[in-house]
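Read-outs: derived from the displayed coordinates by stated rules, not from any lab. In this text, all values refer to a predicted model and were calculated from it rather than measured experimentally. Methodologically, a virtual Cβ is constructed for each residue, glycine included, from the backbone with ideal geometry; neighbour enumeration extends over all protein chains shown.
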Amino acid sequence: MEFKDHFSTHAKEYSRHRPKYPAELFAFLSSICSAHNTAWDCATGSGQAAIGLEPYFKEIIATDASASQIEHAQLHPKIKYRTALAENSGLSDGSADLITVATAIHWLNTSRFYPEVRRILRPNGVIAVWLYKDSEINEEIDTIVRNYSQNIIGKYWSDENKKAENFEHSIKFPFTKIAAPSFVLTENRTLKDYLNYLYTWSATQKYIKVKGKNPLELIAEDILKAWKDENIKREVKWKLLMKVGRV
């Protein structure tokens, strides 16, 4: 199966500038697991979810199809990083108590991945998939960013990204569902920090590849004016969308 790699060219930036998941998320996932031996973080990217799982499991297997992403992942003695496809993980049958897919389920071929989930999860094991919605700061800044996303780089979003926009209906989840609380990612960022986050978007990178210039330059003046002072740290929020279930 062909692997579409949208992030290897900027894996270091992705690792540095994507928002971190709240600790409460991993505490919740731990609370609904009947055992805490092994967790598999599939499509781990730079290992943000794998690091979050570390306090709760004896070992974490973290896989990604991109060797470059694995190269820039956050190291920890409990975490074993491997380069592997989601549908061909190399894990043993019935070897995981929890499987997580953090902000990546829309990239996976679930018709091939879900049989792998059923093979690898232990009886009563848990699978959790999630992604976060567009950032929110204030109406003035959010309007500029929506225009950037929809109009400036809009045609460079992949079909997978469009699938993520309709997470509730477009992401199939054939498991016994577990109710999950609401989570919000919250960080304080300067304008430079925030623009670095927008730079990691796959559509931003595709625009640069196609046109040879950075599309963020087209909104730089407007967003600076809306930010007021580029050195001010503003609160940025991302709402988490999540599906959790058992096999």
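For the range 49-189, with only Lys/Arg (+1) and Asp/Glu (-1) charged at the beta-carbon, what is the dipole magnitude about the Cα centre, in debye rounded to 20? The partial results should precede the final answer.
Details: 16 positive and 18 negative charges, 111 e Å.
With only Lys, Arg, Asp and Glu charged at Cβ, the dipole is about 540 debye.
Classified by the C-alpha gyration tensor, the range 163-247 has an oblate form. Its axis ratio a/c, with a ≥ b ≥ c, is 1.5 or above, and a/b does not exceed b/c. Computed across the range 43-114, the Kirkwood hydrodynamic radius from all distinct Cα-Cα pairs reaches 12.4 Å. Near Ile178: Cβ cut-off under 15 Å, other residues only, Lys/Arg at +1 and Asp/Glu at -1. The net charge is +2. Applying D = kT/(6 pi eta Rh) to the range 100-204, where Rh is the Kirkwood radius over alpha-carbon pairs, T corresponds to 4 °C and eta to 1.567 mPa s, the Stokes-Einstein value obtained is 80 µm²/s. Normalised by the number of residues in the chain, the average gap of Cα pairs under 8 Å and 6 or more apart makes the relative contact order 22 percent.
A cut-off of 5 Å between modelled amide H atoms, ignoring neighbours fewer than 5 places along the same chain, links Val236 with Glu187, Asn188, Arg189.
State, to one decimal in nm², a quarter of the convex hull surface area for the C-alpha atoms of the range 202-247, i.e. the direction-averaged projected area. Projected over every direction and averaged, the Cα hull of the range 202-247 covers 6.1 nm². With Cα atoms as the point set, the radius of gyration and Dmax of the range 114-154 evaluate to 18.6, 49 Å.
In the chain, a dipole from Cβ-located charges (positive for Lys and Arg, negative for Asp and Glu) runs towards its positive end, and of Gly212, Gly45, Tyr197 it is Gly45 whose Cα lies farthest in that direction.
Each Lys and Arg contributes +1 and each Asp and Glu -1, all at the Cβ; summed about the Cα centre of the chain, the dipole is approximately 360 debye.
For Tyr114, what is the net charge nearby, where nearby means another residue's Cβ is under 11 Å from its Cβ and Lys, Arg count +1, Asp, Glu -1? Please list the in-between numbers first.
On the way: positive: Arg112, Arg118, Arg119, Lys172; negative: Glu87, Glu116.
Summing Lys and Arg as +1 and Asp and Glu as -1 gives +2.
Projected label points at Asp159 and Arg246, each 7 Å from Cα along the beta carbon direction, are separated by 3.6 nanometres. Normalising the Debye intensity of the chain to I(0), with uniform scatterers on Cα atoms only, and taking log10 at q = 0.08, 0.11, 0.18 Å⁻¹ returns -0.31, -0.59, -1.47.
Spin-label pair Ser182-Arg112: with each label point 7 Å from Cα along the Cα-Cβ axis, the two points sit 3.7 nm from one another. Charge tally around Ala50: other residues with Cβ under 14 Å, Lys/Arg +1 each, Asp/Glu -1 each, net +2.
Would you mind working out the magnitude of the charge dipole of the range 143-247 relative to its Cα centre, with +1 at each Lys and Arg C-beta and -1 at each Asp and Glu C-beta, to the nearest 20 Debye? Let's see the in-between values first.
Numbers: 20 positive and 12 negative charges, 73 e Å.
Here the size comes out at about 340 debye.
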